[in-house]
Amino acid sequence: MARSVELDESSAQEHMFENNWTDGLPVIAPTPERVETMLAAAGLAATVEIGEIKERSRVLTAEKAAINAVLAGCKPEYFPVVVAALRAMLTPAFNAHTALTSTGGAASCLVVSGPYAESIGMRSRLNVLGPGNRANMTIGRAVRLVAANVFGARTGEMDGSSIGHPGKLSMCLAEYDPPAPWNPLRVELGFSHGDTTVTIMATEGPRQVANHLNPDPRGVLLTFAAAMRNPATYCVGKASQGLVILGHEHAQILHDGGWTKSQIREFLVEHSRIAPAELEQWGVVPEKGSQHDFGATPDGKLPSIASVDDLFVVTAGGAGAGWSAYIPVWAPTLHNRSVTVAVEHLGAHAAVDATSLAKLRESLAAGLRSDGADLLVKQVGLQALEFTLVIPTASCAECVMPAATLSAIFATQVEKALGRGWTFVIRDPREG
Amino acid sequence: MKVLTPHFEGEEVERLTFATRRQFLPGEQLHLLLVENGKPKARQLLQFVADEIKQRLPIATIEVHSKPSAGRPIDADLVSMFAARAHLVISGLGD
């Protein structure tokens, strides 16, 4: 159980400000009852470990996640999404230790894709990156409060942002499922239509992309490419990831023009490349002899996006005069990659020894993390477990052994941890 | 009103103390290792420091290790290897 303090109702808010519990805005007091309700919504025992930042020797428990979700103003039904976002943030490929610390001042941008987003009232249309929706704002805020309160990502401690940006308070949107034959982000990443996923990216602030008058798909995409190869953006020419949010009209122009999402990605990756001479023309000195000296491609250009798999294209936003957004990440793929985790409802967790289960999951997952994968507990039944294999990026899909092989390897560990008689299955996103 | 605290409550990282300093023996030839973090001009900066140290200590050889990413620590095996073969190691943190 977390430490508690007795506060006067009238002075509680000031106490929370003065003791660095907040992000500069008022918070909701995390009473034991509110925290318990939050935990119950995700079926998590307080002691379940959500993840850790090894470099800081700090582990996040479900209880601390729930306390910060209450502070942020989350409704209990948002908490499974917060938990998935935190699991994503604490996956080693995301490199939270650096992403939360760098002078670059990255936000923890969350894209929620799937039916659960709508069921909890998340906004995917008008003002999708703006204020006004409780779910969008408080889910993103909860993740940042965990970063600050549990992992020390706070000015004066472990957040070295030189400038920062408002998205560091909260940056969370829901995807509006695109029209067929386009697939939503979760399906493109190997999950099913019925799943709900959270993708986390460490990003700079969004660049709004305006093209109001051009009905030609190629013209619209060239405008995006201009935003993606702006020499003032740190990652331009440095092989990174990026997020394209196709607004209603731009999506319609591209969709009706017969473009597939793969073709859009290929076009944008190609046209966002930049010549070192162009960087120099705008006063930017290309790095030579350092970690970001990638060398030019045969035609002399540097990639801004590392590969077609590193550009994420989602549809969101309301109808209007040709508005979209491009969100560049904060650092090249060398340092950080986006991670996607499915939202899980761990309803039966509380019925088993949560500590043993968490230890078992950790020991099984440890061997997968060197390949960028992870293992989550999806369901716990009567002496039956269901795990989900998480493979964040397509590039490491072949590095991870098939579920059947993993099951054979894990059998002894499961029996040792939980005793004889337990059965388990591993759901593998590669098997559909 | 009872409220639960949001901050980390586990054990903090153990603070390490400096290794014992020792005197260098007459005629001893030292191996200096520079670990540069991959940022622009990190190598030149550390080389400058190494040149200064060379005026004061019997440095025979200098080796430079370039980290592939400033954003990730070097792994423990590499650290052990460096410790085994270098008399002095210089690194730094920064942009």
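The values are calculated or read from the model by the stated rules, or taken from the named source; none is laboratory data. Note that the structure is predicted; figures quoted are calculated from it, not measured. Here the Cβ is made from the backbone with ideal geometry for all residues, glycine too, and neighbour counts use every protein chain on show.
Between a first residue in the range A:11-23 that is on the phi > 0 side of the Ramachandran plot and at pLDDT 95 or above and a second residue that is part of a helix (DSSP H, G or I) and surrounded by 14 or more Cβ atoms within 10 Å (Cβ to Cβ), which pairs have beta carbons less than 9 Å apart while being 6 or more apart in sequence or on different chains?
Cβ pairs passing all conditions: A:20/A:148; A:20/A:149.
Taking into account only those residues within the range A:260-285 that are surrounded by fewer than 19 Cβ atoms within 10 Å (Cβ to Cβ) and part of a loop (DSSP other than H, G, I, E, B), which is farthest from the other protein chains (Cβ to nearest Cβ)?
Here the residue is A:260.
How many residues does the range A:64-84 contain that are within 14 Å of chain B (Cβ to nearest Cβ) and surrounded by 24 or more Cβ atoms within 10 Å (Cβ to Cβ)?
Number of matching residues: 11.
For the list (1) at pLDDT below 95; (2) under 16 Å from the mean Cα position of the chain (by Cα), I need the number of the one condition that residue A:119 fails.
The one condition residue A:119 does not meet is (2).
Please state which of the following conditions residue A:272 fails to meet, knowing it meets all the rest: (1) of a type in the set (Ser, Thr, Tyr); (2) closer than 15 Å to residue A:188 by Cβ; (3) free of Cβ contacts under 8 Å to residues at least 60 places away in the same chain.
That leaves (2) as the condition not met.
Among the residues of the range A:311-318, is there at least one that is more than 30 Å from residue A:133 (Cβ to Cβ), assigned to a loop (DSSP other than H, G, I, E, B) and touching a strand residue (DSSP E or B) at 6+ places or on another chain (Cβ under 7 Å)?
There is no residue in the range A:311-318 that is more than 30 Å from residue A:133 (Cβ to Cβ), assigned to a loop (DSSP other than H, G, I, E, B) and touching a strand residue (DSSP E or B) at 6+ places or on another chain (Cβ under 7 Å).
On the basis of being buried (at least 19 other Cβ atoms within 10 Å of the Cβ) and facing another protein chain (nearest Cβ under 10 Å), does residue A:16 make the cut?
It is true that residue A:16 is buried (at least 19 other Cβ atoms within 10 Å of the Cβ) and facing another protein chain (nearest Cβ under 10 Å).
Across the range B:1-44, what is the number of residues that are of a type outside the set (Lys, Arg) and away from every other protein chain (no Cβ under 12 Å)?
18
Go through (1) buried (at least 23 other Cβ atoms within 10 Å of the Cβ); (2) more than 13 Å from chain B (Cβ to nearest Cβ); (3) touching a helix residue (DSSP H, G or I) at 6+ places or on another chain (Cβ under 6 Å) and name the single condition residue A:96 misses.
Tallying (1) buried (at least 23 other Cβ atoms within 10 Å of the Cβ); (2) more than 13 Å from chain B (Cβ to nearest Cβ); (3) touching a helix residue (DSSP H, G or I) at 6+ places or on another chain (Cβ under 6 Å), residue A:96 fails exactly one: (2).
Among the residues of the range A:51-63, write down those that are modelled with pLDDT of 95 or more, at the interface with chain B (Cβ under 9 Å from one of its Cβ atoms) and in a helix (DSSP H, G or I).
Selection gives A:63 alone.
Can you name the condition, by its number, that residue A:332 falls short on among (1) at negative phi; (2) at pLDDT below 85; (3) not small (Gly, Ala, Ser)?
(2)
Six or more apart or on different chains, Cβ under 8 Å: which pairs go from a residue in the range B:14-32 that's more than 21 Å from residue B:81 (Cβ to Cβ) to one that's part of a strand (DSSP E or B)? Could you list them?
B:24/B:30
(1) surrounded by 13 or more Cβ atoms within 10 Å (Cβ to Cβ); (2) part of a loop (DSSP other than H, G, I, E, B): which one isn't true of residue B:23, the others all being true?
(1)
Across the range B:46-73, which residue is nearest to the chain's Cα centre (by Cα) among those that are away from chain A (no Cβ under 12 Å) and of a type in the set (A, V, I, L, M)?
Step by step, filter the range B:46-73, then rank; the result is B:46.
Go through (1) buried (at least 22 other Cβ atoms within 10 Å of the Cβ); (2) within 23 Å of the chain's Cα centre (by Cα) one by one and return the number of the condition residue A:254 breaks.
(2)
Identify the residue in the range A:170-204 that is small (Gly, Ala, Ser) and closer than 18 Å to residue A:310 by Cα and, among all such residues, is modelled with the highest pLDDT.
Looking at the filtered set, the residue picked out is A:202.
Would you confirm whether or not the range A:113-127 contains a residue that is under 22 Å from residue B:94 (Cβ atoms) and acidic (Asp, Glu)?
Within the range A:113-127, none of the residues are under 22 Å from residue B:94 (Cβ atoms) and acidic (Asp, Glu).
Against the conditions (1) modelled with pLDDT of 95 or more; (2) part of a loop (DSSP other than H, G, I, E, B); (3) surrounded by fewer than 15 Cβ atoms within 10 Å (Cβ to Cβ), where does residue A:29 fall short? Just the number, please.
All conditions are met except number (3).
Tell me, yes or no, whether the range B:47-61 has at least one residue that is part of a strand (DSSP E or B) and within 29 Å of residue A:53 (Cβ to Cβ).
No, every residue in the range B:47-61 fails to be part of a strand (DSSP E or B) and within 29 Å of residue A:53 (Cβ to Cβ).
Out of all the residues in the range B:3-57, which are out of contact with any helix residue (DSSP H, G or I) (no Cβ under 6 Å at 6 or more places or on another chain) and closer than 30 Å to residue A:28 by Cβ?
Answer for the range B:3-57, where residues must be out of contact with any helix residue (DSSP H, G or I) (no Cβ under 6 Å at 6 or more places or on another chain) and closer than 30 Å to residue A:28 by Cβ: B:3, B:5, B:8, B:9, B:10, B:11, B:12.
Would you pick out the residues in the range A:59-93 that are touching a residue at least 24 places away in the same chain (Cβ under 8 Å) and among the hydroxyl-bearing types (Ser, Thr, Tyr)?
A:78, A:91 - these are the residues of the range A:59-93 that are touching a residue at least 24 places away in the same chain (Cβ under 8 Å) and among the hydroxyl-bearing types (Ser, Thr, Tyr).
For residue A:39, indicate whether it is touching a Phe, Trp or Tyr at 6+ places or on another chain (Cβ under 9 Å) and within 8 Å of chain B (Cβ to nearest Cβ).
When the stated conditions are applied, residue A:39 does not pass them.
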